[in-house]
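Quick notes on the structure that follows.
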Amino acid sequence: MVNSKEKFVKSNKESQLQKRLNETEIKFINAVKFQVIRIIFILVITVYYLVSSIIENNYVDYKIFAIPCALFIVTEPTLKWSLSSLLLNMISERLNRKKIEEVFTLFDLLKADLDDLHSTQNVNMYNIIKQSLPMFTYIKGSLSRMLSLWKSSPEKAKTVLYEEIGGENTKIIGEIIYKIDQTTKEEALDLIEAESSVFTFSYYQGQLQSGKKQKTILFSFFTLTSILVIAWLVIFVFGMFNNSIDQTTF
């Protein structure tokens with residue numbers, strides 16, 4: 001029993017579901033809790049309908065098992081078009097969009113900070129990013145990890161945003177930060193100006209793709225929900241019709 005419990009916990013901690021929950025940055029639930037709550041919920045619903053069927057009909061109506069089976073399918077996170085999977089996709093997509101918006105803000109902030117430097121000053125990206133940390137919410141953790149690597153390995157630090165957030169614009173801004181560090185103010189501004197159009201185009205292209213993806217997810221979510229509601233109504237009406245026939249015959 002203990003070994004089974006340990007295997008269940010270990011398999012869920014290392015599961016694809018846990019990876020997806022990590023992407024959403026939801027702190028109050030993990031894969032183990034999700035599966036336990038899901039299983040208990042389905043069992044409670046099954047017992048409820050089973051007991052109700054026995055009390056009302058004095059026998060087990062096997063059609064009621066369609067409801068827990070449907071719940072099992074729609075809450076299964078490994079299925080691409082299940083409600084659980086679509087909901088996780090929506091949360092992840094929204095979070096990623098917020099992060100990309102803050103990356104764009106970081107780019108604007110870099111330009112503003114460079115303008116404030118004296119012409120004789122060299123650019124110190126570590127200090128600039130460290131001072132800007134309180135201004136960010138969604139990429140604050142990634143920027144902190146970038147800073148922790150910066151002094152020992154700037155080449156690794158420049159890839160942190162790209163590795164944790166993804167997208168071409170995070171790769172571009174990582175390269176910009178790396179290249180302008182310890183340069184003069186004029187050199188840094190020239191480099192940012194040269195990369196500005198590429199970064200802006202990449203940002204808006206990413207936003208466009210993100211918008212299309214979100215629309216697809218929302219459409220799929222509401223379509224599946226509507227189908228499930230209609231299916232439930234059909235089963236409910238069919239059950240009432242059968243009961244009516246049974247009572248009439250009796």
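The values are calculated or read from the model by the stated rules, or taken from the named source; none is laboratory data. Everything numeric in this text was worked out from a predicted model, so none of it was measured. Backbone-built Cβ (ideal geometry, glycine too); neighbour counts: all protein chains shown. Quick note on the areas: whole protein, heavy atoms, side chains included, nothing else; ligands and nucleic acids left out. Shrake-Rupley method; radii C 1.70, N 1.55, O 1.52, S 1.80 Å.
Quick check: anything in segment 167-188 at pLDDT below 80, open to solvent by less than 30 Å² (accessible area, probe 1.4 Å) and within 16 Å of Leu114 (Cβ to Cβ)?
No, the conditions are met nowhere in segment 167-188.
Within segment 99-121, how many residues are closer than 15 Å to Ile192 by Cβ and of a type in the set (S, T, N, Q)?
1
Does Glu155 satisfy being at pLDDT 90 or above, assigned to a helix (DSSP H, G or I) and either open to solvent by less than 50 Å² (accessible area, probe 1.4 Å) or in the same structural domain as Thr105 (by the TED database) (or both)?
Yes, satisfied.
Could you list, in sequence order, all residues of segment 19-35 that are exposed (fewer than 15 other Cβ atoms within 10 Å of the Cβ) and farther than 22 Å from Thr137 by Cα?
Lys33
Just name the residue that is modelled with the lowest pLDDT out of those in segment 57-73 that are touching a Phe, Trp or Tyr at 6+ places or on another chain (Cβ under 9 Å) and open to solvent by 60 Å² or more (accessible area, probe 1.4 Å).
By that ranking, first place goes to Lys63.
List, please: which pairs have Cβ atoms under 9 Å, are six or more places apart or on different chains, and start with a residue in segment 164-188 that is of a type in the set (Asp, Glu) and end with one that is open to solvent by 30 Å² or more (accessible area, probe 1.4 Å) and outside any helix (DSSP H, G or I)?
Glu175/Lys158; Asp181/Asn122; Asp181/Asn124; Glu186/Ser119
Of everything in segment 74-96, what is open to solvent by 70 Å² or more (accessible area, probe 1.4 Å) and either within 17 Å of Gln16 (Cα to Cα) or hydroxyl-bearing (Ser, Thr, Tyr) (or both)? Give them in sequence order.
Thr78, Leu79, Lys80, Trp81, Leu87
What do you reckon, is Ile54 open to solvent by 40 Å² or more (accessible area, probe 1.4 Å) and in a helix (DSSP H, G or I)?
yes
Of the residues Ser142, Ser148, only one is surrounded by 17 or more Cβ atoms within 10 Å (Cβ to Cβ) and either among the basic types (Lys, Arg) or modelled with pLDDT of 90 or more (or both); which?
One residue alone meets the criteria, Ser142.
Where the second residue is open to solvent by 80 Å² or more (accessible area, probe 1.4 Å) and modelled with pLDDT under 90 and the first is within 11 Å of Ile67 (Cα to Cα) and lies in segment 40-54, which pairs have Cβ atoms under 6 Å and are six or more apart or on separate chains?
Correct list of pairs: Ile42/Phe72.
Tally time: how many residues in segment 97-127 are open to solvent by less than 20 Å² (accessible area, probe 1.4 Å) and either without any contact (Cβ under 8 Å) to a residue 60 or more places away in the chain or not assigned by the TED database to the domain that holds Ser152 (or both)?
Qualifying residue count, segment 97-127: 1.
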